[in-house]
Amino acid sequence: MKYWISGGLTALALSGSIAIADDTSEAWSPETFTLSNGMDVVVLPDHRAPVVTHMVWYKVGAVDEDPGKSGIAHLFEHVMFKDTDDLEDGEFDSIVSSLGGQHNAFTSWDYTAYYQRVAKQHLGQMMALEAERMTDLIIDEDPEGSFITERDVVREERRQRIDNNPSAVLQEQVLGAFWEGHPYEITVIGVMDEVEALTPQDGIDFYKKYYSPENAILVVAGDVSGEEVRALAEEHYGQIEPSGLVDGSRKWAEVEPLTEIQEITHSDPKVRQPVWYRYYNGTSQRRDPEFAYALDVGLDVLGGGNTSLLYVALVEEQKVAVNAGTFAWTGLHDDGPAVIYATPSPGVTMEELEAAVTAELAKQLEAGFSDEDVVRVRNSKAAESIYARDSQQSMANLFGSWLAIGGDIETLLSYSDDIRSVTTDQALEAVRSVFADGNNYIEAQLLPEDGEL
């Protein structure tokens, strides 16, 4: 199973930006409907190959966990692959593999998703498998049972992915400070002591409340029609009774601005290359799409790759850094950080690097952006949205993740036009407002064990 500390899918990592072509022809024209039990369905026809991607998105993630129960959303993703009334442990995996298919799952702060990619004739079987574990998962007190054994697996996963990874440890500390008091404060995988204390009854309560058809979105992309999907969905999912416990409420909340400048340093003998960061208050596309689009464009001009202003100045010209850039987490429901980072060149101290980055940032924001750079970035982002159509899974991910946080399809379909409409002044003003003098931030440094370069 996949675990995402950034709260998004691979296609959405870092910036988390939504993207879809503005061509709404039959090739990717979505069809939507809702089953009588409240399950939403999205069909994305793509007839280039006899393959389908089948995804079920549950509108529950780490943001919805009760106090002291962190990690249960991610743990539950693991448990869903275990025993049901009709499936033995491991049988789900073996069935999909025997059909030549691929499958996995992932958890974010905002949602949990399960997917399979198979030949189109096996779509009904995938629905049957997902319907089975939506209704008949086995959770009990057996110490050798799925809940308790998978709880131990997650604890080990945390040790490997977070506790033994210096970058992840630092990121967890920074995000905990950035989102202090917000439901995003605790990382998706949870706090070790709280995960260890989760009980099978916690799992049963979580399952009954959230794993119900009215809390789910079915997305099918591939060589199918809406009519075909509707018939199969009615057969396999339409018969499932809603739990009646889903009230549609989520624990999303406004992210409070940082109230002071903070410094967080993490040293570890495994660190070979130090990194310097600053985290500022950013935004989200769900809460403020116009500003988020402008910020995404502006940050790409400023620090989005080796043709960006900061990279050219700090890496190629001044040679004080081997890498430098900017990005923002705009793909969550609630506001994420905007980040500026740099890695020092050999012999350059962190103090020297900080001074150079700060000076260059001020210089570039004072000078402003050229229309040429902004147009280049806008066109690149629009092109990426078109390229995304080449992947069934990317399209299913984009639709599912956006709809799971309450977005609408019209926003997805207008993305290319909207991103192309960002002006130079808007992009510049967005970046200036985020990185303005006087704004508070969290400065973070990843260092070797002795704290010295």
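The values are calculated or read from the model by the stated rules, or taken from the named source; none is laboratory data. Bear in mind the structure is a predicted one, so any value in this text is a computation, not a measurement. Neighbour counts run over all protein chains shown; Cβ positions are idealised from the backbone, glycine included.
Please find, among 335, 371, 296, 288, the residue that is among the acidic types (Asp, Glu) and touching a Gly at 6+ places or on another chain (Cβ under 7 Å).
Only one candidate qualifies: 335.
Does residue 65 satisfy the condition of being in the same structural domain as residue 135 (by TED's automatic domain parsing) and at pLDDT below 95?
Details: in the same structural domain as residue 135 (by TED's automatic domain parsing): yes; at pLDDT below 95: no.
So residue 65 does not fit the description; no.
Scanning segment 132-180 for residues that are assigned to a loop (DSSP other than H, G, I, E, B) and among the charged types (D, E, K, R), which turns out farthest from residue 78 (Cα to Cα)?
Going residue by residue through segment 132-180, those that are assigned to a loop (DSSP other than H, G, I, E, B) are 136, 138-145, 164-165, 179-180.
Subsequent filtering for residues that are among the charged types (D, E, K, R) retains 136, 140-142, 144, 180.
On the way: 136: 15, 140: 15, 141: 17, 142: 16, 144: 15, 180: 27 Å.
Filtering segment 132-180 for residues that are assigned to a loop (DSSP other than H, G, I, E, B) and among the charged types (D, E, K, R), the one farthest from residue 78 (Cα to Cα) comes out as 180.
Can you tell me which of 221, 216 is in contact with a Ser or Thr (Cβ under 6 Å, 6 or more places away or on another chain) and in the same structural domain as residue 147 (by TED's automatic domain parsing)?
Working: 216 fails: in contact with a Ser or Thr (Cβ under 6 Å, 6 or more places away or on another chain).
After ruling out the rest, the residue left standing is 221.
Filter segment 254-271 down to residues that are part of a loop (DSSP other than H, G, I, E, B) and of a type in the set (Val, Ile, Thr) and give me whichever is nearest to the chain's Cα centre (by Cα). Walk me through it before giving the result.
Restricting attention to segment 254-271, the residues satisfying the condition of being part of a loop (DSSP other than H, G, I, E, B) are 254-261, 268-271.
Subset that is of a type in the set (Val, Ile, Thr): 255, 259, 261, 271.
Working: 255: 17, 259: 26, 261: 27, 271: 26 Å.
For segment 254-271, the residue satisfying everything is 255.
Restricting the first residue to segment 241-258 and requiring it to be farther than 16 Å from residue 36 by Cα and in contact (Cβ under 8 Å) with a residue 24 or more places away in the chain, which pairs with a second residue that is surrounded by 10 or more Cβ atoms within 10 Å (Cβ to Cβ) and among the aromatic types (Phe, Trp, Tyr) meet a Cβ separation below 8 Å and a spacing of at least six or different chains?
Pairs that qualify, where the first residue is farther than 16 Å from residue 36 by Cα and in contact (Cβ under 8 Å) with a residue 24 or more places away in the chain and the partner is surrounded by 10 or more Cβ atoms within 10 Å (Cβ to Cβ) and among the aromatic types (Phe, Trp, Tyr), are 255/179; 255/184; 258/178; 258/280; 258/441.
Show me the helices (runs of 4 or more DSSP H) entirely contained within segment 292-406 in which 2 or more residues are of a type in the set (Phe, Trp, Tyr) and at negative phi. Write out each step before concluding.
Working: elements: 350-367, 371-387, 392-404.
By residue number, 392-404.
Could you grab me the full set of residues in segment 95-125 that are part of a strand (DSSP E or B) and either more than 24 Å from the chain's Cα centre (by Cα) or not aromatic (Phe, Trp, Tyr) (or both)?
102, 103, 104, 105, 107, 112, 113, 116, 117, 118, 119
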